[in-house]
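Single-structure report; data block below.
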Amino acid sequence: MSTIIQEAKFTCALGAQQSVLGIPGAVPVIHAGPGCSQRQFSYLSVGSGYQGEGYTGGGQIPCTNSSQSEVVFGGEKKLAKLLDATYKVMKGDLYVVLSGCTAGIVGDDVKQVTYDHSTKEHPTVGVDTSGFRGNNYKGHNIVIEGIIDQLLEEAQPNVRKGLVNVFSVVPFQDPYWRGDLEEIKRILEGLGLEVNILFGYGSKGVSEWYDIPNAELNIVLSPWVGLGAAKLCERRFGTPYLHNPVLPVGLKDTSAFLRKVAETLSLDREKTEDFIKSEERRYKQYFVSMGDVLSDYAPYLPYDLYLIDDSAYGLGTARFCTNELGMIPQAFFDIDVPPATAKELIQASLEEIDEAWKDKLIDEPDNAIIRKAVEQRIAIRQTKSLIFGSSWDKDLAERTDNILIFHSAPITDNVILNKTYVGYNGGLNLMQDIYSGVFNRKKVSNLTHGETERERNTYGTAKTGGSN
Amino acid sequence: MANATGVAEVEIRDTRLKSIMAFHGKASELQEFSRQLKKPAADRCFTQCSDCAQMCAGTVTNHVRGSAVVYHSPMGCFANTPVQNEATYNAALARGLEPFDVRSVCSNISEKDTIYGGLKKLRDAVKLAYDRFVPTCIFIQSSCAAGIVGDDIESVADEMAEELGIPIVPVFCEGFKSKAWSTGFDAGYHGILRKIAQKPEKRQKDLVNIFNFLGTDTFTPMLAKIGLRPNYLVPLADLETLRTMTEAACSTEVCETLGTYITTVLEEEFGVPKVHAPSPYGIKWTDEWYREIARLTGKTDIVEKVIEEEHKRIQPELDELKKELAGLKVYIYAGDSYAHNLGSLVHDLGVEIVGMTTLHHDMKIDGEDAQHSTLQEMIDVAGDIEEFTVCNKQPYEVIKHLKKVKPDFMIVRHMNMTILAAKLGIPSIFEGEINVSAGYDGLLLTGRRIKDLIKAKKILATLAEYNEFPYTDWWLDQEENYI
C-alpha cells in the first residue's frame, strides 16, 4: 500500500465538513487556513458528481481563514469571535466546529472553545479534523462520534420500541449517498421500523441526532465506518448494535439484511416476510425482464469483475456481482485504508460467496497504481470486463474496450441526483447501468472474440430485431 | 523590487502591495484610498471560507507540459487535482495542443510527520515523481502543515536537483501566510524566475510574452495583425519556453493581478520590457494595448491602420448587439484587476454596470503607479461605480448588494460563486476562461454570450422559487454589509 499518492480517492479528515452538511440544519464552522474548506468542496461536491453547495455549503461555510497571527498567537480567540458572529448570521440547529492543520499544529483547543460557547439555543460541538490526522473516512468517524459525545453529553435514554439509528455510507464521499440513504430508510420502514437515518434529505435533521439515545438498536452498515459511534452509544446509552459489514445490494443480501434486523429486534415474522416477499416479487420481475438481453448477448456480456471502491460499497457490490450476476472475481482494490479487523471481515465475507475471492482483496489508496494493475490483468485475461471505478479510470476503460460504472469519487463525468446503488433498487439500477454498457457502442465494442467490424455490424442488426 | 529573485520567498501582497479585503463605497473613493495607501475599512469579524495562495500557485505551476508537481501536504490540499485534471486536458484541446494530464503526487503528510518532520517523505515523493513521470522539472508546493512544522523544502529541492539533474522548484504558497490568495501567483512565478528562467542570450523581436490562465489561442490572430507571435505563459508551456521567456520582445498579461509581479521582474532583472497599458478588454484598452506593444516592437507604423480596420470590422455587429442588450444591468464579481477589465468590456456593449465586487484589492501595483491602476483606467473609460465593494467571496455580504441593485445578470470569475446569483434567479456568465473575452472579437463574443445567457432566467426563476437561504432575518435586515 502506498502512502505517497498520485490519484486521490479521498481527501483529508477536514472533508468531514461535508458530513456535517449532510445533516439538515447543521452548520459546519471551519477553523483552518483560508483554502481548506474550498478544497473539500472541490473534491467532495464538484468532484463527486456535481452535488452542489446545497443549503449551507460551498462558499457559505463560516471559516476563521486562519492567517499568520493565529499561527503565532493561537486562534482560539478568533474562533470564539467567529462563533458569536455565526450565531447571528447563520440559521442553524447545530454548529459543528472542525479544525484543520493550522489549529491542530499550534494546539488550539476547539473542544473547549465550543464547550464554552454551546447553549441550548445554539448547540455547538468541536472536533479536531486536522488534515494530517487521516482521510475523510476517519474524519467522518471523528465528527459523528464528536457529535454524539458532546451534543448528547447529558442525554438519558428513553428507549422507543421500533426506533433504529443507521450508520452507513459517508455523505458526498459516496457520490450516491442521498439515494442510498433514502433506499435504506425505505426498506427499514418497510419492516415497520422508525428510522433515524441521520443524514440526507430523508432525515428530519438535528432532532434525529437528539433522538439517538432512544433507539432500540443501532445498525452499522459498513465494515468499519460508524462502528465506533455504535460502540460509543452502547457504552453511553446501553444501546445494542447490529454490525452488518455488508452494505446490501440486490435481492439476496438485502433480504438477508432485513431478516437479520427483524430477528435482532424480534419483529413479527409474518409482517417481515410479507414485506420482503412483495419487494422480491417486484425485483424478480425486473430481473426476468433483463433475461432477453442476458441470453441474446451472452457471449458479449462482461464477466470479469474489478472493483475500485471503499470497504462498504466494494464489499456489498462485490457480493452482489458474484452472487447474483455470476461475475468472476478479479480484484477488489479497497481504497479507504481500513483497519486490520475490517480487512479480515471483508475477506471472510467475500469468500463466503465465492472462494475465487481468495487473495483478490488489495489495500491501495493510489488509483494510479490500481489502474496499472487492472490494465495488466485485463491484458492477460482478454475477457470483457466490468470495472467499478471513477473518472480516473475512464481512459483505461475506453482503451481496453470495457465497461466502466462510475461508482466512487472522483466523478466529473456525470451529474448525480437521487440515484442509488444499494438495496433492492440499487441492484436494479446497477443491472440497468452494467448491461446498458453493452450497447454503448461509441465507447464499448463487441469485438471481444476477434469479430471483425463487419460481423459487428451484422450483429448490430440482430440487436435491432432483424433475424439472420 | 530590487533583486527580487535573490531571496527564497516573494514578499506577500498584504505588505508588498497593501492588499485589502474589505471596502464599500464608490469606485472613485477606493481609488482615493489607494492613492493614499490608507486602509479603508476594518476586517470582518464574520467570514465565510475564502481561498488560499496554494490554489493560485497551482494555476501557475500545475499545467507545465512535461513537468511534475509534488504537493508536500496532507491529502486535503491535493483535493483539487481531479477537477484540475479535467481543466488541463480540455484547455490544451481548446488551444489546439496535444492534451495531457496533470502529473502530481502528494507526500500525504501524517501526524507523525508533523512531529518528526516530513523531509524524508518529501524526498521519497520527489523521487517517485521523477521515476514515474520522467519529468523535465518538478515543482514542490508547500502547505500550512509543512510551513508551520518548518520543513526545509528549499534544501531538499537543491539537493535533489543536483542528484536528479533537473530543475526542482520550491513554491512557498502556504495558505496561512497571506490573506490575498493571489500571493500564490507570485509564489509560483518566483520559483520559476529563480530556478528556471535563464539570462537571455538573444532577443526574439517578434515574440510577446502573454501571461494567462488556461485559455484558448486568442492572441495568435490578434498579434499576427502586427506581425508578432504570442508566447503563452505559464500554463501549457514547456520547460524550454519558461527558460527562454527572457528572450521575448516584451511581456503583457490578461489580468494585472495575475501578471504584474513576473512582468515587472522580467523587466527589472532580465531586460524584457513590460507593456504599460491595460489588458486588451474593451475597445479603448485594446487600442492602447496594441499601440504600446507596437511601440515596444517597432510596429508603430502599421498599428494605426490595424486599429482602424478592426474598428470598422466589428462595428456592424457591435451596433446590433448594443441594440439588443440596451437597458440590461450587470453586476461584476471578479478580480481584483479582472473585474476592472470586465468593466471596460461591458461598458462598450452599452450595458449598465450597477455594481462591482472585487475579491481583494491591491492598493499598490508592481511596476505601475496608482494613476495607471486598472481601477483608475476603468473609471476613466466606464465612469464611476456607485456600488463598489471589496470582499474575498463572502456570499453573506454580496447577497445584500445583489438584492439592492437587482442586476439582470452577473459576470463572475471565481468557482462556486455564480450559485449565489442563481439562487436569486439571476443568470451569470462564469468567466472561467478569459482569453476568449480579449480583443475586439472578445467584445463581440461577450455580447453574444449575454444574449444567450438571458435565456437561463426561466429555469433559474424556478431555482430561486425552491431555494431557501441559510441567513437569519436579523442579518438580512441589518443595514451593515458585513460584521
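Bear in mind that the values in this text are calculations on the coordinates, not laboratory data. This structure is a prediction, so every number in the text was calculated from the model and none was measured. Please note: Cβ atoms are built from the backbone with ideal geometry, for glycine as well, and neighbour counts cover all protein chains shown.
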Under 17 Å Cα to Cα from A:Lys78, which aspartates and glutamates show up? Leave out anything in the same chain fewer than 8 places away.
A:Glu70, A:Asp108, A:Asp109, A:Asp116, A:Asp128, B:Asp43
Hey, can you grab everything whose amide H is under 5 Å from the amide H of B:Glu9? Only 5+ residues off in sequence or another chain; H modelled, so Pro and N-termini drop out.
none
Cα long-axis angle, helix A:340-353 against chain A (0 to 90 degrees, to the nearest 10)
30
Could you tell me which of rounded, prolate or oblate describes chain B, using a ≥ b ≥ c as the square roots of the eigenvalues of the alpha-carbon gyration tensor, with rounded for a/c under 1.5 and, failing that, prolate when a/b is larger than b/c and oblate otherwise?
oblate
For each pair in A:Lys88/B:Lys400; A:Lys88/B:Lys457; B:Lys177/B:Lys364; A:Lys88/B:Lys404, compute the distance between the two Cα atoms and list the pairs where it is over 26 Å.
A:Lys88/B:Lys457
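Specify the longest stretch of chain A that does not include any exposed loop site, a site being one of the GluC sites (Glu not before Pro) with a non-H, G, I, E, B DSSP assignment and at most 12 other Cβ atoms within 10 Å.
Details: sites that count: A:Glu121, A:Glu153, A:Glu154.
So the longest stretch without any such site is A:155-468.
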With eigenvalues of the C-alpha gyration tensor scaled by 5 and rooted, region B:50-195, Å:
22, 18, 14
According to a simple spin-label model (label point 7 Å from Cα along Cα-to-Cβ), what is the distance in nm between A:Tyr115 and B:Arg123?
4.2
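With Cβ to Cβ distances under 13 Å as the rule, what net charge do the other residues near A:Phe132 carry (K, R +1; D, E -1)?
On the way: positive: A:Arg133, A:Lys138, B:Lys112, B:Lys121; negative: A:Asp128, B:Glu111, B:Asp113, B:Asp151.
Net charge around A:Phe132: 0.
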The farthest towards the positive end of the charge dipole of the protein assembly as shown, of the residues A:Val415, B:Ala224, B:Gln54, given +1 on Cβ of Lys and Arg and -1 on Cβ of Asp and Glu, is A:Val415
In whole Hz, the Karplus estimates of ³J(HN,Hα) for region A:357-367 (6.51, -1.76, 1.60; θ = phi - 60°; x where Gly or Pro) are 6, 4, 6, 9, 9, 10, 7, 7, x, 9, 5
I need the phi-derived Karplus couplings for region A:237-250: 6.51 cos²θ - 1.76 cosθ + 1.60, θ = phi - 60°, integer Hz, Gly and Pro marked x.
10, x, 6, x, 10, 10, 9, 10, x, 7, 6, x, 10, x
Rounded to the nearest 0.05, what FRET efficiency is calculated for B:Thr462 and B:Ala8 with R0 set to 45 Å and r the Cβ-Cβ distance?
0.25
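Suppose every K and R has +1 on its Cβ and every D and E has -1 on its Cβ; what is the size of the dipole of the protein assembly as shown about the Cα centre, in Debye to the nearest 20? Let's see the in-between values first.
Numbers: 100 positive and 130 negative charges, 200 e Å.
Taking the Cα centre of the protein assembly as shown as origin, the dipole is about 960 debye.
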Hey, which lysines would be in cross-link range of B:Lys284, C-alpha to C-alpha under 22 Å, not counting anything within fewer than 8 residues on its own chain?
B:Lys225, B:Lys274, B:Lys299, B:Lys305, B:Lys312, B:Lys322, B:Lys323, B:Lys329
Inter-probe distance in nm under a simple model that places probes 7 Å from Cα toward Cβ, at B:Tyr116 and A:Glu375
3.4
Taking the Cα centre of region B:50-195 as the origin, how large is its charge dipole in debye, to the nearest 20, when only Lys and Arg (+1) and Asp and Glu (-1) carry charge on their Cβ atoms?
200
Mind listing the long-range amide H neighbours of A:Thr11? Cut-off is under 5 Å, sequence gap 5 or more, other chains count too, H placed in the peptide plane at 1.01 Å from N.
A:Asn136
Ranking A:Asn136, B:Gly96, A:Cys12 by how far each Cα lies towards the positive end of the charge dipole of the protein assembly as shown (+1 on Lys and Arg Cβ, -1 on Asp and Glu Cβ), the top one is B:Gly96
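What's the longest bit of chain B with no exposed GluC sites (Glu not before Pro), using DSSP loop states and at most 11 other Cβ atoms within 10 Å as the test? Write down the numbers at each step before the final one.
Numbers: sites that count: B:Glu201, B:Glu468, B:Glu479, B:Glu480.
It runs B:202-467.
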Go through region B:183-197 residue by residue and turn each phi into a ³J(HN,Hα) via Karplus (6.51, -1.76, 1.60, θ = phi - 60°); whole Hz please, and just put x for glycine and proline.
3, x, 4, 4, 4, x, 4, 4, x, 5, 5, 7, 10, 10, 4
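Rounded to the nearest 0.05, what FRET efficiency do B:Thr472 and A:Phe73 have when you use their Cβ-Cβ distance and R0 = 35 Å?
Details: r = 30 Å, r/R0 = 0.87.
After rounding, the FRET efficiency stands at 0.70.
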Only bridges whose two residues both fall in chain B count here: according to DSSP, what percent of them are antiparallel, nearest 5?
15
Within the set of other residues whose C-beta is less than 10 Å from the C-beta of B:Asn3, count the net charge using Lys and Arg as +1 and Asp and Glu as -1.
-2
Candidate lysines - alpha carbon under 28 Å from A:Lys360, same-chain residues fewer than 8 apart omitted
A:Lys9, A:Lys138, A:Lys252, A:Lys260, A:Lys343, A:Lys372, A:Lys384, A:Lys394, A:Lys443
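Can you tell me how region B:204-299 classifies by the Cα gyration tensor, rounded, prolate or oblate, using a/c under 1.5 as the rounded cut? If you can, show how the numbers build up before the last one.
Numbers: a/c = 1.30, a/b = 1.23, b/c = 1.06.
Because its axes are fairly even, with a/c under 1.5, region B:204-299 counts as rounded.
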Cut-off under 5 Å, modelled amide H: who pairs with B:Glu253 long-range
B:Phe211
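Of the beta bridges DSSP finds with both residues in the protein assembly as shown, what % are antiparallel, to the nearest 5? Mind dumping the intermediate values first?
Details: 10 of 91 bridges.
Antiparallel bridges: around 10 percent, rounded to the nearest 5.
Within 11 Å, Cβ to Cβ, of B:Gly25, how many net charges do the neighbouring residues add up to if Lys/Arg are +1 and Asp/Glu are -1? All intermediate terms of the calculation are to be shown ahead of the outcome.
Details: positive: B:Lys26; negative: B:Glu29, B:Glu32, B:Asp384, B:Glu386, B:Glu387.
Local net charge: -4.
With a ≥ b ≥ c taken as the square roots of the eigenvalues of the C-alpha gyration tensor of region A:167-263, please select rounded if a/c is under 1.5 and otherwise prolate if a/b is larger than b/c or oblate if it is not?
Cα axes put region A:167-263 in the rounded bin.
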What translational D, rounded to a whole number of µm²/s, comes out for the protein assembly as shown from Stokes-Einstein when the hydrodynamic radius is the Kirkwood one over Cα pairs, at 25 °C and 0.890 mPa s?
83
